Amino acid sequence: MQKKLILISGSPCVGKTAVGTRLFESFDNSAYLDGDWCWCVHPFSVADKRLRNGDKGMSFILSNYLDSDFAYVFFTSVVLTDPGIREGILKGITAEGFETVSFTLTCSLETLKKRHDKRGDPGETNDYWLKLPPCPGDIVIDTDGKSIREVAREMKQYISAREGCSF
């Protein structure tokens with residue numbers, strides 16, 4: 001079996017971290033990176049050119065995980081919604097011999113607002129990320145009305161069904 005790099009993108013509060021953690025814990029020989037850890041700056045702006053250094057950090061960590069022969073590497077981040085940033089991170093990976101499976105999680109604005117409020121984030125809910133189209137080739141999963149366990153199970157079925165396939 002070829003190693004798998006699993007990308008999980010989507011709006012803040014859509015469930016990336018919760019689902020990514022659940023998936024990571026359900027696959028043996030796996031590693032997990034929440035890319036938002038590499039972008040933890042204040043104030044945050046996706047347009048801040050200094051954040052390209054965070055992208056390099058993500059590429060480096062993913063390369064190390066893949067070179068360490070983890071069978072599955074899970075990578076979640078809001079920045080993966082931007083095709084240019086995603087491409088830069090993926091091009092920066094020096095590891096070889098892995099396949100990529102990409103997911104975009106989505107939900108309704110109403111659900112996003114509820115999750116945002118439940119999390120206690122200050123300020124208004126921003127629908128900017130929800131309006132972005134998924135990157136080409138992404139498997140889109142609507143998380144409305146689904147538990148973290150249900151979304152993770154759905155994603156695991158996609159990953160498991162593709163064992164041995166090239167992407």
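Side notes on the structure shown:
- Residue (of Ile6, His42, Thr17) at the positive-pole extreme of the chain, dipole from beta-carbon charges: His42
- In the range 103-167, trypsin sites (Lys or Arg not before Pro) in a DSSP loop with at most 14 other beta-carbon atoms within 10 Å: Arg162
- When Cα extents along the principal axes in Å is calculated for this entry, the matching label among (i) 64, 46, 29; (ii) 71, 34, 27; (iii) 44, 37, 26 is (iii).
- Partners of Lys114 within straight-line reach, counting lysines whose Cα lies under 27 Å from its Cα and excluding those fewer than 8 residues away in the same chain: Lys16, Lys131, Lys146, Lys156.
- For Thr104, the residues whose amide H sits under 5 Å from its own are Ser9, Ile139, Val140, Ile141, ignoring neighbours fewer than 5 places away on the same chain, with H placed 1.01 Å from N.
- Taken about its Cα centre, the range 3-161 carries a charge dipole of about 160 debye when Lys and Arg each add +1 at the Cβ and Asp and Glu each add -1 at the Cβ.
- The stretch between Ser63 and Asp142, if pulled fully straight at 0.36 nm per residue, gains 25.5 nm over its current Cα-Cα span.
- DSSP-assigned coil residues among chymotrypsin sites (Phe, Trp or Tyr not before Pro) in the range 13-73, each with at most 13 further Cβ atoms within 10 Å: Phe44
- Estimated FRET transfer efficiency when R0 is 22 angstrom, pair Val46-Lys91 (beta carbons, to 0.05): 0.75
Read-outs: derived from the displayed coordinates by stated rules, not from any lab. Since the model is a prediction, treat every value here as computed from it, not as a measurement. Backbone-built Cβ (ideal geometry, glycine too); neighbour counts: all protein chains shown.
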